[in-house]
Amino acid sequence: MEIVKNLHSYFAYVVLLILILAVLNAFTGWFGKREFRFDKDLRVSLFALILSHIQLVIGLILFFVSANGLKAIQALGMGGLNSAARLLAVEHPFVNILAIALITVGWSRHKKKMEDLAKFKSIAIFYGLGLLLILSRIPWGQWFN
């Protein structure tokens, strides 16, 4: 159990780093009017997609087996959760699932686009929104303790 929690916590740094890289790459490609290249642009976006999905799976496993996840909701009910417990049991999982859905939509939309700028725009907007959602629900107080 502790291994899964540590994996989820430390792997989050890697996921955030690659997501930030993918978003910056997409914005620079979009505004710099670059050609969308397979060897760099597609790979960094795909890598961000894959890592974020792996993090989601690890998080869902943690949600179902952790005392801070589903078990906390079952034991205390939604009204019995304080703000820190609500963040871990409800807000963090729900918002991050939405974030991964947005990232997935961005990936799917970019594949349908023929123009390079449209590919960059799709990734920049949807990955960027997903990244903002993820950043908004990270339990920062626990991360730095």
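Expressed as an acute angle from 0 to 90° and rounded to the nearest 10, what is the orientation of the C-alpha long axis of helix 92-112 relative to the principal long axis of the chain?
The angle comes out at about 20 degrees.
Count the lysine pairs in the chain whose Cα atoms lie under 28 Å apart, taking only pairs 8 or more positions apart in sequence or on different chains.
Lysine pairs, 8 or more places apart or on different chains, close enough: 15.
Run lengths n ≥ 4 of DSSP H only: what is the helix-derived mean residue ellipticity at 222 nm for the chain, with -39500 (n - 2.57) per run over all residues, to the nearest 500?
Working: 7 runs with 110 residues, N = 145.
Taking each H run of at least 4 residues, the total per residue is -25000 deg cm²/dmol.
For segment 85-129, what is the Kirkwood estimate of the hydrodynamic radius, computed as the reciprocal of the mean inverse distance between distinct Cα atoms, to one decimal in Å? All intermediate terms of the calculation are to be shown ahead of the outcome.
On the way: mean 1/r = 0.0889 Å⁻¹.
Radius from the Kirkwood sum: 11.2 Å.
Go through segment 70-76 residue by residue and turn each phi into a ³J(HN,Hα) via Karplus (6.51, -1.76, 1.60, θ = phi - 60°); whole Hz please, and just put x for glycine and proline.
Ordered by residue, 3J(HN,Hα) equals 4, 5, 5, 5, 5, 6, 9 Hz.
So how tilted is helix 43-65 from the main axis of the chain? Cα-based, degrees 0 to 90, rounded to 10.
The answer is roughly 10 degrees.
How large is the accessible surface per residue of the chain, computed with a 1.4 Å probe and reported in Å² as a whole number? Write down the numbers at each step before the final one.
Working: 8350 Å² over 145 residues.
Accessible surface, normalised per residue, equals 58 Å².
Roughly how many percent of the accessible protein surface of segment 1-111 is carbon and sulfur, given a 1.4 Å probe and a whole-percent answer?
The nonpolar share, carbon plus sulfur, comes to 72 percent.
Taking each pair of distinct Cα atoms in segment 30-85 once, what is the resulting Kirkwood hydrodynamic radius in Å?
In segment 30-85 this quantity evaluates to 14.4 Å.
Taking just the alpha carbons, could you work out the radius of gyration and Dmax for the chain, both in angstroms?
Answer for the chain, Rg first and Dmax second: 16.8, 54 Å.
The values are calculated or read from the model by the stated rules, or taken from the named source; none is laboratory data. On a predicted model such as this, the values are computed, not experimentally measured, just so you know. The accessibility values were calculated without ligands, DNA or RNA, using every heavy atom of the protein model including side chains. Shrake-Rupley method; radii C 1.70, N 1.55, O 1.52, S 1.80 Å.
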